[in-house]
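Each remark here refers to the structure printed beneath this line.
The values are calculated or read from the model by the stated rules, or taken from the named source; none is laboratory data. Not measured: the values here are computed from a predicted model. Cβ sites come from the backbone with ideal geometry, for glycine too, and all protein chains shown count toward neighbours.
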Amino acid sequence: MTLGVLAVLAMAFVMFAGFWTDWLWYRSVGYSSVFTTTLWTKIGLFFAFGLLMAAAVGLNIWLAHRLRPPLSAMSMEQQSLDRYRMAIAPYKKWLLIGITALVGLIAGASASGQWRTWLMWVNGVPFHQKDPQFHLDVSFYAFDLPWYRFLLGFGFAATVLSVIAAALTHYLYGGLRITSPGGRATAAATGHLSVLIGIFVALKAVAYWLDRYGLAVKSSDFKATGNWTGLRYVDANAYLPAKTILFCIAVICALLFFATLWRRTWQLPVIGFGLMVLSAILIGGLYPAIVQKFQVQPNEQAKESPYVEKNLEATRKAYGIGGTNVREYPGVSKTDDKTKLRDDVAGAASLRLLDPNIVSPTFQQLQQMKNYYGFPSNLDVDRYKTKDGKEQDTVIGLRELNLDGIPKNNWINDHFRYTHGYGVVAAKGTEADEQGRPKFTESDLPSKGSLGQYQQRIYYGEKTTQYSIVGGPQKEIDYSDDNGEKTTSYKGKSGVNLSNPLNRAAYAVSFGEPQMLYSGAIGEGSRILYNRTPKERVEAVAPWLTIDGDAYPAVVGKKIQWIVDAYTTTNGYPYASRTTLGDTTADSLTARNNQRAVVAQQNQVNYIRNSVKATVDAYTGEVKLYEWDTKDPVLKTWRKAFPDTVKDKSEISAALMDHLRYPQDLFKVQRELLTRYHVKDAETFLSGSEVWQVPDDPTNQTSSAVPPYYLSMKMPGQKQQDFSLTTSFNPNGRDNLSAFMSVNAEAGTDDYGKIRILKMPSSTTVDGPKQVQSKFNSNEAIAEQIRLLKGGDSEVDYGNLLTVPLDGGLLYVEPVYVKGGGLKYPLLKKVLVTYGNKIAFEDTLDKALNVVFGTADKSPVKPPDQGEKPDKEKPPATGDTDNPELQKAIDDAQAAIDEGKEALKRDDWEAYGKAQEKLQDALQRAEDAQPKPSGGDGDGKGSDKEPEKDPEKDPDKGGDGG
């Protein structure tokens, strides 16, 4: 007995621990109202529908027992059941309670899962848009119809269970007989079961009536549209009248069953039920098939065109693509002298050579600093202002905590000492240095550069998936410098306080960590941080949102903020075609990283809005939700259900607005729809002659869609560059270019979210991305250079193939990276540029553009002594033996170069950094020690003879030179 009681108490505490830790977490982030609203809604639905189900089943069992016949003249069949009646007689009451409780628990648990449906029905606001068939507001299909269908399903379940329970009870107590001669059912049993079956048939009549409206959101596979939603010709002219006729038949059939209470015979109800089943087969199945076969298929285009028009309009509204601007574009420049276009390139686009999906290993090697730091596999592109106030495309990543790099993994190190990352690393998107490395605008540890002062500690990030306990007796490792490790203690208010023994016990049970109960590392002020990725936190505080797959960091004010795009969706927009988010948002990047873009769900939607912009503070973990789409009725509904959780759009600061952008996953959904829905007339739509496809990524072998690219560019007709998201289209089944698409991704501008499509002529062919890549690979001169770049153990990586409209033609730019020669990270070595029929493969973008546009400078490169600035990476020439200070500085510079080489061989980046500092110091001393030139002797010639260079020490004449 003692063990049993202890086991029950342990199970109860485990259940309590989960509830208690959830409550503590929601309270710590300031969204306790989300927890309580969701909890009370679930509890309310659980008890309401659980009690209804229990009452329905229990009442019918009790009623069947009350209506049992006298047992004085039992048949042989009933005598055989007597032992069962006698066995359950002492426990009838408890058996009834047990059965009703069981069905009530199951029904309540099922109903509690419908909390979203309930809240949307109770709080639904109108769309102020009506469907074209029934002229009902869209809110009826989005908010009301799902709830009505749930109620109908619950009614069917309750009725079926009641029929089964009543029939078994009647059989057990003699009301129904199976093998006995004579009447098979008593009058009471007949009346009871007839009423229950009549209720079932009445519910079927309601289902037929709701099915009429369900046709507006019914899915069907239609070859021209894919997952079609809404009525087609056969729906409007066959299924709709069939559902109305079946509704009437079902009502009559239900009345016949109810009439059995007086007639005491099954004859008419059975005939009526048989008529209903036959009608369902003939009217609901066979007749529509005949209409489809003999009326629609012979003249499908004419029959379906009016319904396709409705689908076109509804789909464009539902996905926000109705304002797409489609214009004809020649695809070929008409300017004969291409040299005139060279200066226009800078105005057409800010050509980003740094591919955020390639250079993460480079950031890792050059800026990791310690093994316990790491960068995400895909960096992000943002805009930051330069010193002159101009915006610049910037590749940015955070130096997050990487537990795999901790020298020794144990519970204290993993959860108490190594708790956070440190600092932002950013680089110019359009440039690289002479060695092909990024030009960092923010780097080192602690990070310093153009971003100014900000809180650099990163307690919340994409790679931070484990819990940490901070703020207590155990100090945390902050970062390391030349003076050793620095420690810190978390000062934020995030997390849950573990000073309370109850909290410690609850988390010890929830996390399966008994050490939490007795560890001396936990004390006064200790706080536990968990749910630390931006996506997890936003999903938890707003479970009614669909989260974008790419959260990105930005320095806003003096804080690092994660920016998360979130969507409101519904599956009930009439006539709009459906799409599967998981499939539509997949591309070559998600395939390569084995991850999902929009949450790993395969749910289908036919309405989506980027209605919320969320931020997560990288230090405090604070989550803020901001309204973005002020007209979205779905967001308004959820704001009514969860008041005070979403801030008004007006509260978005100017500093945050500078970093908001158009989300990639929404763009992917829209581009997939626009492969078909860019046309506006039904005939072209049905013919399929203008169907496009998203091309495969030509830079890898995954056979997955090319990802969209962020790029500051100017589309034809625009006056200035805008931060944009771009993609291209191919004709269905072909590789040439059919269209180029961009959306203004710069928040706060008037054109934000405006989609522009440049449609190529169908009479000529314009090279698409795959063909451009093929030309590049098949060029003999380029192929030879690639072969040389791959010499030894080197690898070549192709960066993002950028497409830029220019003077009627298309400029393609692709960076080429080389990884090898002892280095484990890619360096930008070449740039491919093509325009028209010309192709260039040069060391820099400027050189490639000059070659393509015929403006390449053919003059020889000037030697350093004729005006070029000396390379500060190389030591100056020697020869002035009378200047010991100069000689000492040169020797120190050469020694620093040698130290740097050795450090590179060991991949010791800390030692390499110190060697570079020594080199710069030596170069500065060498410059200061050089003699000043004399004024000459009047003939224009200097009187001091330039010292002769020593080829053994001059890097321009021989040696390593660094």
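Okay, residues lined up against (1) among the charged types (D, E, K, R); (2) within 17 Å of residue 747 (Cβ to Cβ); (3) part of a strand (DSSP E or B):
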position	(1), (2), (3)
609	yes, yes, yes
614	no, yes, yes
621	no, no, no
630	no, yes, no
640	yes, no, no
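Taking the stated definitions as given, is residue 427 among the hydrophobic types (A, V, I, L, M, F, W, C) and under 28 Å from residue 564 (Cα atoms)? Answer is yes for this residue.
Of note, residue 85 does not satisfy the criterion of being of a type in the set (Lys, Arg), crowded, with 16+ Cβ neighbours inside 10 Å and modelled with pLDDT under 90.
Among the residues that make up the range 96-108, is at least one of them under 28 Å from the mean Cα position of the chain (by Cα) and part of a helix (DSSP H, G or I)?
no
When we screen 267, 292, 297 for residues that are of a type in the set (S, T, N, Q), out of contact with any Leu (no Cβ under 8 Å at 6 or more places or on another chain) and surrounded by 15 or more Cβ atoms within 10 Å (Cβ to Cβ), the only hit is 292. I want to confirm something. Restricting to the range 746-761 and keeping residues that are more than 23 Å from residue 679 (Cβ to Cβ) and touching a helix residue (DSSP H, G or I) at 6+ places or on another chain (Cβ under 8 Å), which single residue is surrounded by the fewest Cβ atoms within 10 Å (Cβ to Cβ)? The extreme case among them is 748.
Anything in the range 687-727 that is under 13 Å from residue 756 (Cβ atoms) and buried (at least 19 other Cβ atoms within 10 Å of the Cβ)? List them, or say none.
Passing the criteria: 713, 714, 715, 722, 724, 725, 726, 727.
Are there any strands (runs of 3 or more DSSP E) wholly within the range 441-532 with 3 or more residues that are in contact with a helix residue (DSSP H, G or I) (Cβ under 9 Å, 6 or more places away or on another chain) and surrounded by fewer than 22 Cβ atoms within 10 Å (Cβ to Cβ), and if so which?
Passing ranges, in order: 476-481.
When the test is whether a residue is hydroxyl-bearing (Ser, Thr, Tyr), modelled with pLDDT of 90 or more, farther than 22 Å from residue 423 by Cβ and out of contact with any Cys (no Cβ under 9 Å at 6 or more places or on another chain), residue 307 passes it.
Within the range 555-567, the set of residues being among the aliphatic types (A, V, I, L, M) and within 13 Å of residue 455 (Cβ to Cβ) comprises 555, 556, 560. The numbered conditions (1) in contact (Cβ under 8 Å) with a residue 24 or more places away in the chain; (2) touching a helix residue (DSSP H, G or I) at 6+ places or on another chain (Cβ under 6 Å) are all true for residue 275 except (2).
Looking only at residues of the range 1-52 that are under 23 Å from residue 123 (Cβ atoms) and free of Cβ contacts under 8 Å to residues at least 12 places away in the same chain, we find that the one that is surrounded by the fewest Cβ atoms within 10 Å (Cβ to Cβ) is 40. Counting only strands (runs of 3 or more DSSP E) that sit completely within the range 739-820, those holding 2 or more residues that are closer than 30 Å to residue 656 by Cβ correspond to 739-744, 755-759, 802-806.
Yes or no, residue by residue, for (1) within 27 Å of residue 149 (Cα to Cα); (2) at pLDDT 90 or above; (3) more than 39 Å from the chain's Cα centre (by Cα):
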| site | (1), (2), (3) |
| --- | --- |
| 195 | yes, yes, yes |
| 205 | yes, yes, yes |
| 211 | yes, yes, no |
| 238 | yes, yes, yes |
| 251 | yes, yes, yes |
| 273 | yes, no, yes |
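Among the residues here, residue 250 qualifies as assigned by TED's automatic domain parsing to the domain that holds residue 194 and buried (at least 20 other Cβ atoms within 10 Å of the Cβ).
Note on the range 119-140: among residues that are in a helix (DSSP H, G or I) and in contact with a Phe, Trp or Tyr (Cβ under 7 Å, 6 or more places away or on another chain), the one that is surrounded by the fewest Cβ atoms within 10 Å (Cβ to Cβ) is 121. Does the range 312-325 contain at least one residue that is among the aromatic types (Phe, Trp, Tyr), buried (at least 20 other Cβ atoms within 10 Å of the Cβ) and in contact with a strand residue (DSSP E or B) (Cβ under 9 Å, 6 or more places away or on another chain)? Yes, that holds for at least one residue.
The C-beta contact set for the range 146-162 (first residue in a helix (DSSP H, G or I), second residue hydroxyl-bearing (Ser, Thr, Tyr), distance under 7 angstrom, 6+ apart or interchain) comprises 146/117; 147/117; 150/117. Among the criteria (1) within 23 Å of residue 551 (Cβ to Cβ); (2) touching a residue at least 40 places away in the same chain (Cβ under 8 Å), the one residue 449 does not fulfil is (2).
Residues checked against (1) farther than 23 Å from residue 660 by Cβ; (2) out of contact with any Pro (no Cβ under 8 Å at 6 or more places or on another chain):
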| residue | (1), (2) |
| --- | --- |
| 676 | yes, yes |
| 712 | no, yes |
| 717 | yes, yes |
| 721 | no, yes |
| 727 | no, no |
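Among the numbered conditions (1) modelled with pLDDT under 90; (2) more than 21 Å from residue 576 (Cβ to Cβ); (3) not basic (Lys, Arg), the only one that residue 686 does not meet is (2).
Is at least one residue of the range 786-796 touching a strand residue (DSSP E or B) at 6+ places or on another chain (Cβ under 7 Å), within 30 Å of residue 629 (Cα to Cα) and of a type in the set (Gly, Ala, Ser)?
The answer is no, given that none of the residues of the range 786-796 is touching a strand residue (DSSP E or B) at 6+ places or on another chain (Cβ under 7 Å), within 30 Å of residue 629 (Cα to Cα) and of a type in the set (Gly, Ala, Ser).
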